Each structure stands twice: as C-alpha cells, then as structure tokens.
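Okay, so here's the structure we're looking at.
What follows draws every value from the coordinates through simple rules; no lab data is involved. All figures in this text were calculated on a predicted structure; none of them were measured in a lab. So basically every Cβ, Gly included, is an ideal-geometry build from the backbone, and we count neighbours across all protein chains shown.
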Amino acid sequence: MSESMVEAAYSLRAAEYAEAFGSVDATHPADRKFVAGWAASLAGPVIDAGCGPGHWTKYLADQGLDVEGIDLVPSFIGHARAHFPEIPFRVASARDIGVADEGLGGILAWYSLIHVVPDDVPGVLAEMARCIRPGGSLLAGFFESPAIQEFPHQVTPAYSWPVQEFTRLLEAAGFTAVAGETRTGPGHRPHAAVIARRGA
C-alpha cells in the first residue's frame, strides 16, 4: 500500500475517524497505562509518528514530554493543531521523519505501521533507529496474528504481525525488545505492543 493511497483513504474519512477515535478516553485503559509507563522512561524529544488527530500526542505531552506529532494526512494535522494548539504538529512520513541523527529520546508508533507493506517495514524501522539516540526507545502498537496477514481494514488494507517476527525486524534495525503486551477481546483483533530500546 503506497503512502499516497493511505493518505488519500484517510483524507476521505479523517473527520469520521477523529470523531470516533480522536480522544484518549476512547482508548483501552491498559494501553494508556502501558504508554504512560514507557513515557516515564524517556529523556529528550519524542515524536508521535502517525499521530492521526493528535490524542496520543496530547497524552504524551500530559506526561511531561517534549513531543511533536507527525502524520501523512493534512486533515489530521489540521484537526490536531486546532484541538491542541500548544503542541507542534506537521505533515511528514515515518519513512522520512525529518530530525537529526540520534535527535530523539523516543518514538511512538501506535498502529501507524499497520498499512506499511511488510517488505517496507525494515526501512521504516531503520529510519526510526536513525532518529533515536542510544538508550532511547520505540513503542510500537499493532495487530497480532500467527502469521503476517493482510486484512480489509475499515479505511484501507492493513497488516497484522506475529510478535516474534516484528521483534526480529526491530532487532535487525538495532533495537532490543525490553517489554511487551498482548490482549484479545471479544469483537476485536488481537492487539500487541512492543517497547524496544535503541542500542549504541
């Protein structure tokens, strides 16, 4: 799935998406706890990559972090700027984050890699590794499955991953997985999240 196709698909439904999911109150309490625990471990600037309407960016700011949100979709960035004017947001891609080498303490990629074609994920993780300083970390949330699978996401086709395979790609990019969570609930696809620390 090309970035232009993903951007176009979300642009058509940005207002609907923001209405349904644009508040951290709509997220699972366990996810808020997990993200807050990760946030407490960070030092230095943070990027919320694929920030959507900006609710997780705001949540990280509320944890005391120096955070910026980036997203492919201009409509999402406009919504985020309007609702959270105290936080910087810009249109950008996780494939080209636009910060200096080792300029960040961490990156949140909360379900923002699910539309990346599996063959392209290593390159995106390498870009994230470039941006994060040694000792900093990446938190990635994604759909879990026994094998890499494409499925018909409500907005545009997406992919689910085995935790072990996603972790292998993180390690190949220079990260070490240090924590994770999984969850399965009625009517929902299995969820996974991994915290991975950037090596020296």
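Among 179-187, 159-167, 85-93, how do they line up from the highest to the lowest mean number of other beta-carbon atoms within 10 Å?
Details: 179-187: 10.9, 159-167: 18.3, 85-93: 15.6.
Peptide ranking by packing, descending: 159-167, 85-93, 179-187.
So what's the net charge close to Ile132: Lys and Arg +1, Asp and Glu -1, counting the other residues with Cβ under 13 Å from its Cβ?
Neighbourhood net charge equals +1.
Given region 40-98, what percent of its DSSP beta bridges are antiparallel, to the nearest 5?
10
So if I place +1 on the C-beta of Lys and Arg and -1 on the C-beta of Asp and Glu, and nothing else carries charge, what would the dipole magnitude of region 19-148 be about its Cα centre? I want it in debye, nearest 20.
160
Please give the length that would be gained between Glu150 and Ala43 if that part of the chain were fully extended, namely 0.36 nm times their separation in residues minus their C-alpha to C-alpha distance (nm, one decimal).
Separation in residues times 0.36 nm, less the Cα-Cα distance, equals 35.0 nm.
Out of these labelled values of Rg/Rh (Cα atoms, Kirkwood Rh), (i) 0.92; (ii) 1.00; (iii) 0.98, which was calculated from the coordinates shown here?
After the calculation, the listed value that fits is (i).
Whole angstrom only: what separates the Cα centroid of region 168-200 from the Cα centroid of region 109-154?
9
For an R0 of 35 angstrom, estimate the FRET efficiency from the Cβ-Cβ distance between Asp62 and Asp119 and round to the nearest 0.05.
0.45
Using label points projected 7 Å from each Cα along Cα→Cβ, tell me how many nm separate His188 and Ala26, to one decimal.
Here the answer is 1.4 nm between the modelled labels.
Kindly state, to the nearest 0.05, the FRET efficiency for Val178 paired with Ala82, given R0 = 45 Å and r defined as their beta-carbon distance.
0.80
Nearest 0.05, what FRET efficiency do Ser2 and Glu165 give at R0 = 25 Å with Cβ-Cβ as r?
Rounded to the nearest 0.05, the efficiency is 0.65.
Show me the ranking of peptides 65-72, 34-41 by mean Cβ neighbours inside 10 Å, starting with the highest.
Descending mean neighbour count gives 65-72, 34-41.
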